[in-house]
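Take a look at the structure set out below.
The values are calculated or read from the model by the stated rules, or taken from the named source; none is laboratory data. Keep in mind that this is a model prediction, so the values were computed, not measured. Please note: Cβ atoms are built from the backbone with ideal geometry, for glycine as well, and neighbour counts cover all protein chains shown. Areas reflect the complete protein model, heavy atoms only, side chains present, ligands, DNA and RNA absent. Shrake-Rupley method; radii C 1.70, N 1.55, O 1.52, S 1.80 Å.
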Amino acid sequence: MPKMPKNIVVLITDTFRHDNLGNRAERPVRTPELDRFGAERATEITRCHMGSFPTIPHRTDFATGVTGWPHYGWQAIDRSGPNHAGRMLGEQGYATQLICDCPHLFKARFPDGFDAAYQHRGQEGDKPLLHLNDPVDVVVRDEKTRINPRFRGHTLVNQHRWLNRYYRYESEVFSAGTAQTAIRWLEENAESNPFFLWVDFFDPHEPWDPPEYLVRRYDPDYAGPPMLHPNYGPSSAYTPEELHNLWAHYAAETELVDRHIGQVLRKIDDLELWDDTIVAVMSDHGMSIGEHDRTGKSNIQEDDGRYWPIYPEIGHVMLMLAGGAVPRGARLPLITQTIDLFPSLCDLAAVTVDPPKPFDGASFAPAVLDGRPTHRDYAVSGCHIAMPGDGLPRRATTPFLVTDRWGYAPVGADGRPELYDLSNDHLAQNNIANDNVDTLDDLHALFLAHLAENNAPADVVSLWSRTSGSGNLEGRWAIDYPGE
């Protein structure tokens, strides 16, 4: 009699930096639940890098196993191709459930591939119910936050506090509600195997609005207005005290997400599901909070003309796996990408799916089970760029390639290529491109090989082939976009 496939539980948290874990960051964040999970239960993949940027492109990469960013940007999942993780597992007899407070998944038609889907509404300007008799308070001034999109003249961060009536207690925050829904679902469905449960926590995505008593633990002496949302522009717009308070709000919200993910993991333990369940905990991308003179993850400031490469604080993401035969308390420096995760989960769960479109991702399950430290030779994080003319649009989010040692931006902040030795410069702070022209050319060739391997359209290949590696050190890109 064939063995029953294992359950699959995927917990996604948005904007959760890789270096939040284990007190690894220069500004440590408390993550005791995930640290304990990594030490006692999971294998941590320490060199996982997002593929397609940002929120929906990342989740599309995961759910389809196909690299999206050279081909398409943010769009409904069914427009990106025929693959859908929920549908593929459903065809193999899985019960499939999506639980989220991410406001974008329903609009991008992710629920269509699940048996059931549930959303906690109200995140990031999502408006389930208006209450217009109540005024919208200006908590954060325009010059200290993202100014668009607006609702009746009010910025996103001020809308958020108004829409959600500013919760003051932990039980009211979104991650608490999403965790409790996931816990109830597990209690009500634990005996119905196999199942696929996708729980999507939008926090710690901005606005960063945890109860202020938690923020004070990270910033006890601050006396100014709360900094709740980055400006998606230069961090120099903030005073040092304001920038620290912005980070403190992020840190406090991250700590809450850690706590609430821990509650879900504890329920899996209560229900004794570990032997029969494969669990993945991952983030989609990180956030700059002062690094590279940036606050945000992409450039939407009209007066900031820089390109924004997907530096490590953005593209290096958390990934931990547990359950079944996955080794406990292990750390593997596998270079992996988001597209690799779904094939790997299927292998670990002993289920064979039939993708309508072949996967671009490759399973790293054998490496995890055998404790091998290698998978890919390099990874590329990229954002789809719709080109209105012959050049790279101004303020674009540009790709970043990593190998075991190097980090390479074909188009850096000022239009010239950038190179970093990530072995001793984890956040890519010291650009050494001018002294390593041969390495630039090698890495650019690798980048173009990545585009070819993923069948990038001719116009995308042409865009990135135009000036390559060290040939761009004079900054040709910096004047090669429309309007200049």
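Worth a mention:
- Within the stretch 253-283, the set of residues being closer than 21 Å to Tyr169 by Cβ, surrounded by 23 or more Cβ atoms within 10 Å (Cβ to Cβ) and polar (S, T, N, Q) comprises Thr254 only.
- Going through (1) in a loop (DSSP other than H, G, I, E, B); (2) modelled with pLDDT of 95 or more; (3) under 25 Å from Trp274 (Cα atoms) one by one, Gln97 falls short only on (1).
- Given (1) more than 15 Å from Leu228 (Cα to Cα); (2) within 23 Å of the chain's Cα centre (by Cα), index of the condition Ile147 fails: (1)
- Residue match in the stretch 50-62 (condition: buried (at least 24 other Cβ atoms within 10 Å of the Cβ), of a type in the set (Lys, Arg), under 15 Å from the mean Cα position of the chain (by Cα) and in a helix (DSSP H, G or I)): yes
- Considering the stretch 70-83, the residues that are open to solvent by less than 10 Å² (accessible area, probe 1.4 Å) and in contact (Cβ under 8 Å) with a residue 40 or more places away in the chain include one that is farthest from Met320 (Cα to Cα), namely Pro70.
- Applying the criterion of being outside any loop (DSSP other than H, G, I, E, B) and of a type in the set (D, E, K, R) to the residues of the stretch 114-153, the residue that is modelled with the highest pLDDT is Glu124.
- The set of residues in the stretch 1-49 that are in contact with a Lys or Arg (Cβ under 8 Å, 6 or more places away or on another chain), at pLDDT below 95 and either open to solvent by 30 Å² or more (accessible area, probe 1.4 Å) or part of a helix (DSSP H, G or I) (or both) is empty.
- Scanning the stretch 416-437 for residues that are without any contact (Cβ under 8 Å) to a residue 12 or more places away in the chain and either part of a helix (DSSP H, G or I) or surrounded by 15 or more Cβ atoms within 10 Å (Cβ to Cβ) (or both) yields a single hit, Asp435.
- Enumeration of residues in the stretch 88-126 that are more than 19 Å from the chain's Cα centre (by Cα), crowded, with 19+ Cβ neighbours inside 10 Å and among the charged types (D, E, K, R): Asp126
- All positions within the stretch 171-188 that are among the hydroxyl-bearing types (Ser, Thr, Tyr) and open to solvent by 10 Å² or more (accessible area, probe 1.4 Å): Ser171, Thr181
- Yes/no for Val411 being over 18 Å from Cys48 (Cα atoms), surrounded by 15 or more Cβ atoms within 10 Å (Cβ to Cβ) and under 22 Å from the mean Cα position of the chain (by Cα): yes
- Flag if Arg146 is out of contact with any strand residue (DSSP E or B) (no Cβ under 7 Å at 6 or more places or on another chain), farther than 27 Å from Arg184 by Cβ and open to solvent by 40 Å² or more (accessible area, probe 1.4 Å): yes
- Boolean, Leu186 is touching a Lys or Arg at 6+ places or on another chain (Cβ under 8 Å) and not in a loop (DSSP other than H, G, I, E, B): yes
- Unique residue being closer than 25 Å to Asp35 by Cα and part of a helix (DSSP H, G or I) when the list is Asp219, Asp258, Asp209, Asp200: Asp258
- Against the test of being among the acidic types (Asp, Glu), open to solvent by less than 10 Å² (accessible area, probe 1.4 Å) and within 30 Å of Phe114 (Cβ to Cβ), the options Glu191, Glu206 yield a single qualifying residue, Glu206.
- Those helices (runs of 4 or more DSSP H) lying entirely in the stretch 299-407 with at least 2 residues at positive phi and open to solvent by less than 60 Å² (accessible area, probe 1.4 Å): none
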